[in-house]
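Each remark here refers to the structure printed beneath this line.
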Amino acid sequence: MSPVPNSELTDATYTLAEAAALAGVSGQTISNWFRGREGSAQTPLFDDRRRARDQEIRLSFLEVSETIVAALLRTHGATMSRLRTAREFTRRRIRCEYPLATEQFKLAGGRILFEFEEHAPSRRKEDVLVDFDIQAGQRVLPFYYRTAMERFEYQDDSDYSWAHRFHPYGRAIPLVIDPRFGSGRLTVAGTNIRAEAVFARLNSGYSTSDIVDDLRLPGELVEAVAGFNQAA
């Protein structure tokens with residue numbers, strides 16, 4: 001397996017609710033993925049990172065990144081069991097501890113999951129995790145997945161490129177989750193200013209110029225965040 005990435009990416013920082021909000025699933029779903037369903041003998045999705053039933057769940061940035069990817073892959077109804085075996089296959093194939101949080105999976109995931117489906121075929125059409133690109137003549141990850149994965153930025157570390165920054169609203173909006181800034185919470189891109197500080201001022205009637213002076217942020221960033229806040 002690969003070397004462990006730097007601690008900023010692996011520190012247990014995010015609560016269950018925070019991870020669920022970023023992945024777009026319920027807190028109970030995240031709990032099931034790391035603890036298993038209560039009263040069920042079914043193995044959790046992230047069995048290698050299993051949490052005890054009485055243990056508070058706090059996740060690292062890379063674990064949150066994997067939950068975001070897993071939520072994308074289950075969009076068409078793949079079972080937790082199917083996702084777990086697909087992730088384990090990918091983990092062995094890529095040879096790293098956080099396979100879904102690597103650029104390698106983003107680029108080669110279609111081929112890897114196609115190999116998985118040949119290795120462990122399923123009769124359920126909802127369990128098919130890849131599409132066939134007629135023009136390219138190859139198996140690829142679904143379009144909605146590839147589009148969503150553009151919200152991640154990756155950073156080289158030895159032989160792997162780990163997810164290290166996430167744009168929850170797309171790259172056009174200068175709001176990011178970056179474990180190096182703002183204790184890993186939503187911040188204005190390239191700064192240590194939490195987004196909630198800007199939102200609070202906007203909602204209290206501060207003008208753009210007031211916020212620029214108050215928080216020492218570039219005007220174009222404040223205007224972009226203000227436009228997003230107004231549309232949200």
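No lab work stands behind these numbers, since they all come straight from the coordinates. Please read these numbers as outputs of a predicted model, since none were measured by experiment. With ideal geometry, Cβ positions are generated from the backbone for all residues, glycine too; neighbour counts draw on all protein chains shown.
Can you tell me which residue is nearest to Arg92 (Cα to Cα) among those in segment 116-145 that are among the charged types (D, E, K, R) and surrounded by fewer than 16 Cβ atoms within 10 Å (Cβ to Cβ)?
To start, the set of residues in segment 116-145 that are among the charged types (D, E, K, R) comprises 117-118, 123-127, 131, 133, 139.
With the extra rule that they be surrounded by fewer than 16 Cβ atoms within 10 Å (Cβ to Cβ), the set shrinks to 118, 123-126, 133.
Values: Glu118: 16, Arg123: 24, Arg124: 24, Lys125: 25, Glu126: 24, Asp133: 25 Å.
Out of the qualifying residues, it is Glu118.
Of all residues in segment 153-189, count the ones that are within 19 Å of Ala226 (Cα to Cα) and out of contact with any Asp or Glu (no Cβ under 9 Å at 6 or more places or on another chain).
Within segment 153-189, the first condition is being within 19 Å of Ala226 (Cα to Cα), and the residues that meet it are 167-177, 185-189.
Of the ones still in play, those that are also out of contact with any Asp or Glu (no Cβ under 9 Å at 6 or more places or on another chain) are 168-169, 172-173, 175, 177, 188.
Of the residues in that region, 7 qualify.
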Segments classed as strands (runs of 3 or more DSSP E), wholly inside segment 155-232, with at least 3 members that are among the hydrophobic types (A, V, I, L, M, F, W, C)
160-166, 175-177
Report, ordered by the first and then the second residue, all pairs with beta carbons closer than 8 Å, sequence separation of six or more or different chains, a first member in segment 12-37 that is of a type outside the set (Ser, Thr, Tyr), and a second member that is surrounded by fewer than 15 Cβ atoms within 10 Å (Cβ to Cβ) and assigned to a helix (DSSP H, G or I).
Gly27/Ala17
Positions within segment 1-21 being crowded, with 19+ Cβ neighbours inside 10 Å and within 25 Å of Phe89 (Cα to Cα), in sequence order:
Pro5, Leu9, Ala19, Ala20
Select from segment 168-203 the residues that are among the hydrophobic types (A, V, I, L, M, F, W, C) and farther than 13 Å from Leu215 by Cβ and list them in ascending order.
Ala172, Ile173, Leu175, Val176, Ile177, Phe181, Leu186, Ala189
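Among the listed residues Phe89, Phe105, Phe61, identify the single one that is hydrophobic (A, V, I, L, M, F, W, C) and over 17 Å from the mean Cα position of the chain (by Cα).
Details: Phe105 fails: over 17 Å from the mean Cα position of the chain (by Cα); Phe61 fails: over 17 Å from the mean Cα position of the chain (by Cα).
Within the list Phe89, Phe105, Phe61, the selection yields Phe89.
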